[in-house]
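Worksheet: the structure to be examined is printed underneath.
The values are calculated or read from the model by the stated rules, or taken from the named source; none is laboratory data. These numbers were taken from a predicted model, which means no experiment stands behind them. Cβ atoms come from the backbone with ideal geometry, glycine included; neighbour counts cover every protein chain shown. When the accessible area is computed, the model is the full protein with side chains, heavy atoms only, and any ligands, DNA or RNA have been set aside. Shrake-Rupley method; radii C 1.70, N 1.55, O 1.52, S 1.80 Å.
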Amino acid sequence: MSAQDILILGVESSCDETAAAVVKNGREVLSNVISSQIALHTIYGGVVPELASRRHIEAVSPVIEAALREAGVTLEQIDAVAVTAGPGLVGALLVGVAAAKAIAWAADKPLVGVNHIKGHVCANYISFPDLEPPYLCMTVSGGHTHLSIVRDYTDFQIIGRTRDDAAGEAFDKVARAIGLGYPGGPKVDKLAKEGNPEAIVFPHPHFEDNPYDFSFSGLKSAVLNYLNHAEMTGETVSRADVAASFQKTVVEMLVDRAMLAAREFDMKKVALAGGVASNSALRAGFAAACEKHGYRFYCPQPVFCTDNAAMIASAGYYDFVNGARAGWDLNADPGLALA
Ligand code: KG4
Ligand code: ZN
């Protein structure tokens, strides 16, 4: 490690993963520890916020200690502590923010509050050490769907967003409707491989006033209507066909808008980010469209797509070198805006 190297300890607790990581110079992951709560929430068919907060409290200190240990560094060697300040579940966020504040204060280290969505985007710097802004990024997670121009490491311009449900939410709701349960996205992804994506035609809404905005609630309703109609008429439903056709529609919606935006904004690089970016059909759809149009395509490895703290440490690094410092009054902000 050279004297110029900057080590960031990242902490993430915005939803159902308690995570901590140590990242060098924003790109090199020295450790990435994730304590998942999937088993806990599966019983209830979705994330129960109060239970999530309690589990974060139990996990946060051991997870941070493990991240330092696995990285082979002491707290003394860390240059700054970066923590997700929002958006997310307020009770869950508070646990990470309180832990990060306590550590930074005790060790006399600077504190940086990170936007979770920026973190998702920055996961691309980990998987692609040569990626530099500007580029177009499609961020698709359980709570957010944004199409943005990443003008610089800390400068994002949102050009499109969902007007209702997030992409991941649509995956989770459709999964529930066809009896797959929580967590829905990966289960739909798996079942869709056995289905025919052309079997059912679902709607594909467009908005006159902003061609880059999305809507997923209509698609979700169309899937529910299809299932109800089949039940009433006694038709047998192929769950695999429903999963494949739904997934294909989502992929088309996202790819079409991203390609349109890349052309209009003259972007040569297109990235994916967020939990839904680990979807195999979405990755393949973006890769094929980018190849066809001559754009370079970027997408983090699946472990850096879903919630993790390495991405928070990466975003925290760029905020830190840009001069960002949080005060000891840093608070969780469940509705923290990206730009
Ligand atoms: O980014 P993330 O881990 O958490 C949030 O910030 O929301 O995203 C979680 C979302 C969930 O809705 C989950 O169902 C979805 O990402 N997801 C997937 C896949 N893996 C996770 N959706 C589709 N296909 C997947 N393979
Ligand atoms: Zn996330």
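What chymotrypsin sites (Phe, Trp or Tyr not before Pro) in segment 203-269 are in a loop by DSSP, with at most 16 other Cβ atoms within 10 Å of the Cβ? Display every interim value, and only then the final one.
Details: sites: Phe207, Tyr212, Phe214, Phe216, Tyr226, Phe246, Phe265; in loops: Phe207, Tyr212, Phe216, Phe265.
Within segment 203-269, the qualifying chymotrypsin sites (Phe, Trp or Tyr not before Pro) (loop, at most 16 other Cβ atoms within 10 Å) are Phe207, Phe265.
Which percent of the accessible heavy-atom area of the chain goes to carbon and sulfur, probe 1.4 angstrom? That share works out to 53 percent. Distance between the pseudo-spin-label points of Ser221 and Ala106 (7 Å out from Cα toward the beta carbon): 5.2 nm. By the combined test of axial Cα extent (at least 27 Å) and Kyte-Doolittle hydropathy (mean at least -0.5), the qualifying DSSP H helices of the chain come to 49-71, 239-264.
Counting heavy atoms of the protein chains alone, Asp329 has an accessible area of about 130 Å² for a 1.4 Å probe.
Here r is the Cβ-Cβ distance between Glu194 and Ala230 and R0 is 22 Å; the resulting FRET efficiency, rounded to 0.05, is 0.75. Distance between the 7 Å Cα→Cβ label points at Asp209 and Gln157: 2.1 nm. Taken per residue, the accessible surface of the chain reaches 42 Å², heavy atoms only and a 1.4 Å probe. Based on DSSP, what percent of beta bridges with both residues in the chain are antiparallel, to the nearest 5? Around 60 percent of the beta bridges assigned by DSSP in the chain are antiparallel ones.
Of the residues Ala284, Pro197, Ser238, the one whose Cα sits farthest towards the positive end of the charge dipole of segment 132-299 is Ala284 (charges of +1 on Lys and Arg Cβ, -1 on Asp and Glu Cβ, taken about the Cα centre).
The average projected area of segment 132-299, computed from the convex hull of its Cα atoms over all directions, is 9.5 nm². Full extension of the chain segment joining Ser2 with Asp329 gains 114.5 nm, where the gain is 0.36 nm per residue of separation less the Cα-Cα distance. What's the center-to-center distance, using Cα atoms, between segment 263-338 and segment 154-233 in Å? The two parts, judged by their Cα centres, are 21 Å apart. Would you look at the GNM of the chain, springs on alpha carbons closer than 10 Å, and say which of Leu136, Leu75, Leu93 moves the most? Of Leu136, Leu75, Leu93, the Gaussian network model singles out Leu75 as fluctuating most.
How about segment 175-277: which GluC sites (Glu not before Pro) there lie in a loop by DSSP and see at most 11 other Cβ atoms within 10 Å?
Sites meeting the loop and neighbour criteria: Glu198, Glu208, Glu235.
Based on alpha-carbon atoms, the Kirkwood radius and the radius of gyration of the chain give Rg/Rh equal to 0.99. Listed by chain and number, the lysines whose alpha-carbon sits under 19 Å from that of Lys187, ignoring those within fewer than 8 places in the same chain, are Lys173, Lys220, Lys248.
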